[in-house]
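This report refers to the structure that appears directly beneath it.
The values are calculated or read from the model by the stated rules, or taken from the named source; none is laboratory data. Since the model is a prediction, treat every value here as computed from it, not as a measurement. Virtual Cβ from ideal backbone geometry, glycine too; neighbours counted across all protein chains shown. These area figures cover heavy atoms from the full protein model, side chains too; ligands, DNA and RNA do not enter into them. Shrake-Rupley method; radii C 1.70, N 1.55, O 1.52, S 1.80 Å.
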Amino acid sequence: MESYFGVLNVETMCLTALPKGAEYVAFSYTWGERAAQNADPGVEHFKTRLDNVESLKVKGGMMDVFDRLPRAIQDCIGLVKRLGFKFLWVDALCILQDDQEVWSLNARNMDLIYGNANLTICAADGSGARDGLAALNRGPDNPQVTQYIAQYKKGVELMVSYPSESYCRTTTMSEDIHAEQAYTGWSLELHDAPMQRFKKVKKDPVNVYTLSVQLFTERALTHEGDILAAFGGIAKVICAALGGTPLFGLPTSHFDLALLREPEDAAQRRRPDGTLKFPSWSWCGWKGQTMVHREHMIKELLSYGVHEWLIRRTWITWYIRDGRGNLRLVWDAPDVDLYGRKVPPESDHMARNAFQRTLPKYPYQVRMVRPGDSSSRTDERLEDQRYLQFWTWSAYFYITPADEKNNQDKRDPLVGRLSRRYIIQDMDKDTVGTIILPSKWAKPAEGGPGSDAEDPQELVPDNNMQYEFVAISEARGFTKEEFGDWNWYLDLDMAESEWDVYNVLLLGYDEDPGGKIARRVGLGKILKKGFDRACERHDEAPLGKLWKEIILG
């Protein structure tokens, strides 16, 4: 085992390395908001830290602090003893909680920690660690639950159980998935449960990925900063099946596809400790809503074939800023496009890997590293930064609420309660596309645009103001819900139109006073020909579309 991995010996009550070949139990639970905030005056739930770890390695060391452990951990220690196991892994005790490097090493290996455990105990009841394991603490507030057992045949009984993935909604999904192992016992498994879906990862990894993101973002996290660590184990398994690696929760091999996710309704930026640690282009950078890959965005490309779509209908060569500030290919293909893609003729002669834009922290030059370079080797101590850098088509358009433009039914099935559909218009105010954005875009905010610090999407739309969009891939077309009316841009009927549309990102720059670093505001679609009649630009070109270098944070 790795030097950073330790367990609790429940017999000697001390922390220790796991002996080679020894069995151990893992504990899956939620710390709970009250525990995180130390709601009880004068009481702090005990955690292993640099200043106490040595005393906890001494025989009986854990008994000295046993009364300070959350009830759930106390109950779990007792249960592990009763089950006849000797070693227990629980994050609050076995991970140094005040050392980010060690914490990150453990977090990146949650799939191994839970996957190699012989048994995982899930605290399914209660709101946090202080509530304990309900089945072990019967009382007026915790009545006995009926357990249904039926005899199948002599010597064989079946028990109706609730799989952990059906009710552990606040533990991490990596724990649920990797703790489950095939043929471990009798149970009636849920057809649509995460474990059932995860069994299909080798045959249908794209579908497993999109569903996993959706299920995971439905869950609650005590610490916002744990978002990627909690998803890390399952992400590694899915990305291995896809042929890539995880990058801020997105598979590098299918990066263009993974970008086509949206919140079900108006979401807020995730800001652990008030910082923008997570990128706007990833689902992990948002909170408050389930993240989904909507059918109207991916159904047609799935039927077309994901591989074919990636090869023929995408063109961007994505780069990420690594921990040293250098640019590295998102997907380490042997050479830049030799991604194997058939790049559209209109962009095959354009710059794709010649970058000039610098970041404030790295102002002197743009340095690129290639696969195989010694400086490109992954250093686990230096995490990738949240900045994508790439070239693509940029254009400015008007935005106006859809119902004001053509009186569309506000009960759009794709639009949530806190959102609304907007129409994208060209220089002549002709409709060229559509996008779903928070309703706040249509409501003046006290203090002006961007006045709500908790929600940077708080902007006041101006019918005479242009907004920047960038094309990120091709779409087969619009659905009836997206685009109810056709126009003169295409001679074909909507049903006959194919691949005449761009998937686009609406960009904002309000988080960067210098205006260099963009953020993702929303995902929409625009007719390709609409880019040729875009509004007057505010930057390098006087009119229409521009092949532009973008830094997206």
Going by accessible area, probe 1.4 Å, with all protein chains left in place, what is the ranking of Tyr152, Tyr304, largest first? Tyr152, Tyr304
Amide hydrogen neighbours beyond the local backbone of Arg270, cut-off 5 Å, H modeled: Trp286, Lys287
How would region 201-245 be classified by its alpha-carbon gyration tensor: rounded, prolate or oblate, with rounded meaning a/c under 1.5 and the a/b versus b/c comparison settling the rest? oblate
From phi via Karplus (6.51, -1.76, 1.60), per-residue ³J(HN,Hα) for region 87-96 in Hz, x at Gly/Pro: 10, 10, 10, 9, 4, 4, 9, 9, 10, 5
Taking a probe of 1.4 angstrom, what is the accessible area of Thr275 in Å², to the nearest 10? 70 Å²
At a 1.4 Å probe, what is the % contribution of carbon and sulfur to the accessible area of region 234-275? 48 percent
Through the Karplus equation 6.51 cos²θ - 1.76 cosθ + 1.60, θ set to phi - 60°, convert the phi angles of region 62-68 into ³J(HN,Hα) values in whole Hz; use x for Gly and Pro. 6, 5, 5, 10, 4, 5, 8
May I ask you to evaluate 6.51 cos²θ - 1.76 cosθ + 1.60, the Karplus curve with θ = phi - 60°, for each residue of region 426-440 and list the ³J(HN,Hα) values in order in whole Hz, giving x for glycine and proline? 7, 4, 9, 6, 8, 6, 10, x, 8, 7, 9, 9, x, 4, 4
Sum up the charges of everything whose Cβ sits under 10 Å from the Cβ of Gly544, counting Lys and Arg as +1 and Asp and Glu as -1, but leave Gly544 out. 0
Which of Lys202/Lys525; Lys203/Lys480; Lys440/Lys529; Lys480/Lys528 exceed 23 Å between C-alpha atoms? The answer is Lys202/Lys525; Lys203/Lys480; Lys440/Lys529
In cubic angstrom, how much convex hull volume per residue do the alpha carbon atoms of region 220-324 span? 123 Å³
